[in-house]
Every structure is written in structure tokens, then in C-alpha cells.
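Below is one structure, written out as C-alpha cells; comments come after it.
The values are calculated or read from the model by the stated rules, or taken from the named source; none is laboratory data. Worth saying up front: this structure is predicted, and the values here are computed from it rather than measured. Every residue, glycine among them, receives a Cβ derived from its backbone with ideal geometry; neighbour counts consider all protein chains shown. These area figures cover heavy atoms from the full protein model, side chains too; ligands, DNA and RNA do not enter into them. Shrake-Rupley method; radii C 1.70, N 1.55, O 1.52, S 1.80 Å.
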Amino acid sequence: MSGDSHTNFNSGGFSAGAAAGSLTVAGAFVGALQAAAQLNARRWESWNREQLETALDLSEELRRHAYEEREELRVENAKLLMAMRRVAMRRASAR
């Protein structure tokens, strides 16, 4: 209701303005997403099948290499944690 408090705050007008503002922002966001999708589609248009397969193979190889490296680091980390525990236990037993 309009004018229902001492501040004379128009809640209906505020709600309408908030809704209109959120729709404006949402529309701009959707427009930006559509423009990005079109740009992305145009970037891939000039690639032929061989180029796409090569790019996919390279991507998979990089991912595999990163996975193997992470696994090696996990093993090394586990070894270091065990060594730290052994040192801590030796210190505790030496007291």
C-alpha cells in the first residue's frame, strides 16, 4: 500500500522498479551470452576435421600428463607426511 507508514514508502512502485531493473540486467546477460556463443561458433568454423582431431588429441594428452603428474605429487606428498610422522614420533618418544 502506498503511504502506509510514516516514511510514505511506495512499496508497489519499489517492487515494480526492482522487477524492471532485474529484467533489464537479465536481458543484458542473455545478450552477452548469445554474442559469446556466436563468436565461439565463428572461431571453430574455419577448422577442418583433421585440425579438430589434432586439437582434441593434444588436449587429451595434456590432461593425461597433468593427471599423471598429480598422482606422482600425491605419492610424494604421502611419503613426506609419513616421514614427518616418524620424526614427530621419534621426538615424542625421546622425551
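Check whether at least one residue in the range 86-94 is among the charged types (D, E, K, R), assigned to a helix (DSSP H, G or I) and open to solvent by less than 100 Å² (accessible area, probe 1.4 Å), and report yes or no.
As a first pass, look at the range 86-94 and keep what is among the charged types (D, E, K, R): 86, 90-91.
Pick out the ones that are also assigned to a helix (DSSP H, G or I) and you get 86, 90-91.
Next cut, open to solvent by less than 100 Å² (accessible area, probe 1.4 Å) only: none.
Within the range 86-94, not a single residue is among the charged types (D, E, K, R), assigned to a helix (DSSP H, G or I) and open to solvent by less than 100 Å² (accessible area, probe 1.4 Å).
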From the option list SER2, SER15, SER11, SER46, single residue qualifying as at pLDDT below 90, hydroxyl-bearing (Ser, Thr, Tyr) and in contact with a strand residue (DSSP E or B) (Cβ under 6 Å, 6 or more places away or on another chain) is SER2
